[in-house]
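**Student:** The structure's right below; bear with me while I get my questions together.
Readers should treat all values here as calculations from the given coordinates under stated rules, not as data from a laboratory. No experiment lies behind these values; they were computed from the predicted model shown. Ideal geometry is used to build each Cβ from the backbone, glycine not excepted, and the neighbour counts take in all protein chains shown.
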Amino acid sequence: MRHLEQHRTHRIGWLRAAVLGANDGIISTASLVVGVAAASATRESVLVAGVAGLVAGAMSMATGEYVSVSSQADTEAADLAREQAELINDADAEHQELTTIYVERGVEPDLAAQVAEQLMARDALGTHAREELGISETMSANPIQAVLASAATFTVGAALPLLVILVAPATYLSWTVSITSLLFLAALGGLAAYVGGSSVLKAAARVTFWGVLAMALSAVVGNFFNVTPQG
């Protein structure tokens, strides 16, 4: 009988990286642009700073995601290898360990032993990885997927404030970039929540708050180093 319920945990891996990338792209680039614009820089200088931030940020995201997720994947692989060795060397102890896990979750001891035996007969390593180590196909680390998702979405997110720079009036550049970027962030937060099946309003408000804080601090720094363009 097919399992007809629709769940969204299978999206956690790529969704986390994608949301992180796009969110960071918008916030970091918009904050950089607002800070430079607040220092009375020219539109060209602001645009150059934004493009440099996009390139540097995308590479930083890709590198950071690959290193961190690869470390997680290495740890998972080491744990699985250790578990496989334990299953080979002392299968009875591993069966007892799995039985104990089920008993602690509320299953009767005899039934827990039967369940452990049947599951181990089908896929001993997979069962122990899931029940003992908390590693499943849905939650396992995938470095390449994380790199591609975060770098690509960072680039898309960072490109949005840059497009605004090209069309916004120079006099109101900081305000225009700030307001539109906050709208982008709210939309991103809401979309991510919708895809993940959580509260759209809560997610939008959360990401918008941090966006306001980041851009406000950048504007303060920019005003502190205010420069007058030479004519």
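**Student:** Can you name the helices of the chain, as whole DSSP H runs, whose Cα span along the helix axis is 24 Å or more and whose Kyte-Doolittle mean is not below 0.0?
**Tutor:** Values: long enough: 12-38 (38 Å, 1.34); 43-89 (68 Å, 0.31); 143-167 (37 Å, 1.96); 173-196 (34 Å, 1.60); 200-224 (36 Å, 1.42).
Going by DSSP H runs, the hits are 12-38, 43-89, 143-167, 173-196, 200-224.
**Student:** Another question, if that's okay. Please work out the Cα center distance from the stretch 38-56 to the stretch 181-195, rounded to the nearest Å.
**Tutor:** The stretch 38-56 and the stretch 181-195 have Cα centres spaced 24 Å from each other.
**Student:** Oh, and also: Given R₀ = 45 Å, what would the calculated FRET efficiency be for Leu111 paired with Lys202, taking r from the Cβ atoms and rounding to 0.05? Kindly include the intermediate steps, with their values, before the conclusion.
**Tutor:** Working: r = 40 Å, r/R0 = 0.89.
It comes out at approximately 0.65.
**Student:** Mind ordering 50-60, 89-99 by average Cβ neighbours within 10 Å, highest first? Could the numbers behind the result be given before it?
**Tutor:** On the way: 50-60: 17.3, 89-99: 14.6.
The packing order, highest mean first, is 50-60, 89-99.
**Student:** Sticking with this one: Which residue fluctuates most in the GNM of the chain (Cα springs below 10 Å): Pro161, Pro109, Pro143?
**Tutor:** The residue that fluctuates most here is Pro109.
**Student:** Please work out the FRET efficiency for the pair Ser71 and Val220, using the Cβ-Cβ distance as r and a Förster radius of 35 Å; give the result to the nearest 0.05. Intermediate results must be reported in sequence, preceding the final value.
**Tutor:** Working: r = 36 Å, r/R0 = 1.01.
The computed FRET efficiency comes out at 0.50.
**Student:** Suppose each label sits 7 Å from its Cα in the direction of the beta carbon; what would the Val195-Asn142 distance come out to in nanometres?
**Tutor:** If labels sit at Val195 and Asn142, their model points lie 1.3 nm apart.
**Student:** For the residue pair Arg122 and Ala56, what label-to-label distance in nm results when each label sits 7 Å from Cα along the Cα-to-beta-carbon direction?
**Tutor:** 5.3 nm
**Student:** For the chain, what does -39500 (n - 2.57) per DSSP helix run (n ≥ 4), summed and divided by total residues, give at 222 nm, in deg cm²/dmol to the nearest 500?
**Tutor:** Numbers: 7 runs with 185 residues, N = 231.
Here the helix-only value at 222 nm equals -28500 deg cm²/dmol.
**Student:** Mind checking the full-extension length gain between Trp175 and Leu163? Use 0.36 nm per residue of separation minus the Cα-Cα distance, one decimal, nm. Mind dumping the intermediate values first?
**Tutor:** Values: separation 12, 0.36 × 12 = 4.32 nm, distance 1.44 nm.
That pair, Trp175 and Leu163, stretches by 2.9 nm at full extension.
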